[in-house]
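Report on the following structure.
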Amino acid sequence: MQLYFLCTGNSCRSQIAEGFAKKYAPSGWIIKSAGVEQHGLNKIAVSVMSENGIDISSNTSDLIDNDYLQSSDYVITLCGDAKDKCPMTPSSVKKVHWPLNDPAQANGTNEEILNIFRSTRDDIDALVYNFINKIK
């Protein structure tokens with residue numbers, strides 16, 4: 001099984017989804033994330049994942065790999081931008097869309113921003129957990 005999580009910059013949402021999917025997926029599954037652009041790995045995303053015992057600090061912000069995209073079983077977009085700009089895929093690739101707000105766009109105090117990241121992390125955790133348990 002190959003899963004591909006896509007968002008705009010591959011800095012937060014798709015990185016978080018990749019981290020949870022690697023935690024929940026059966027062994028042998030191949031899980032990657034990418035973006036339509038590269039924004040670098042977001043340090044706050046790394047921090048809130050660490051709170052859940054998941055280390056994504058060595059992840060990199062990658063552009064969509066068309067070969068991996070075309071051979072994936074599922075492509076999951078986590079924002080409208082990625083959904084709209086996702087390259088064409090064969091009909092064998094199942095597409096899922098989770099319209100999540102970008103926590104990197106949050107405003108407020110450091111604590112308010114951190115809480116927005118935590119909320120997004122928890123939403124993605126539930127989505128990934130339920131999705132993997134549904135398809136495995």
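The values are calculated or read from the model by the stated rules, or taken from the named source; none is laboratory data. Quick caveat: nothing in here was measured; it's all calculated off a predicted structure. Positions of Cβ are generated from backbone atoms using ideal geometry, with glycine treated the same way; all protein chains shown enter the neighbour counts.
Filter the strands (runs of 3 or more DSSP E) completely within segment 1-118 down to those with at least 2 residues that are free of Cβ contacts under 8 Å to residues at least 24 places away in the same chain and within 26 Å of Lys134 (Cα to Cα).
Working: elements: 2-7, 30-35, 74-77, 94-97.
Output list reads 94-97.
Pull up segment 47-76, narrow it to residues that are of a type in the set (Ser, Thr, Tyr) and over 11 Å from Ser33 (Cβ atoms), then point me to the one that is nearest to the chain's Cα centre (by Cα).
Within segment 47-76, the subset of a type in the set (Ser, Thr, Tyr) is 47, 50, 57-58, 60-61, 68, 71-72, 74.
Within this subset, residues satisfying the condition of being over 11 Å from Ser33 (Cβ atoms) are 47, 50, 57-58, 71-72, 74.
Values: Ser47: 15, Ser50: 16, Ser57: 14, Ser58: 15, Ser71: 18, Ser72: 15, Tyr74: 12 Å.
This residue is Tyr74.
What are the pairs, 6+ residues apart or on separate chains, where a residue within segment 123-136 that is at pLDDT 95 or above has its Cβ under 8 Å from a residue that is of a type in the set (Ser, Thr, Tyr)?
Partner pairs satisfying both residue conditions: Val128/Tyr24; Tyr129/Tyr24; Ile132/Tyr24; Asn133/Tyr24.
Take the residues of segment 83-119 that are among the β-branched types (Val, Ile, Thr) and surrounded by 15 or more Cβ atoms within 10 Å (Cβ to Cβ): which is farthest from Leu6 (Cα to Cα)?
As a first pass, look at segment 83-119 and keep what is among the β-branched types (Val, Ile, Thr): 89, 93, 96, 109, 113, 116.
Restricting the remaining residues to those that are surrounded by 15 or more Cβ atoms within 10 Å (Cβ to Cβ) gives 89, 93, 96, 113, 116.
Numbers: Thr89: 14, Val93: 14, Val96: 10, Ile113: 22, Ile116: 20 Å.
Within segment 83-119, the match that is farthest from Leu6 (Cα to Cα) is Ile113.
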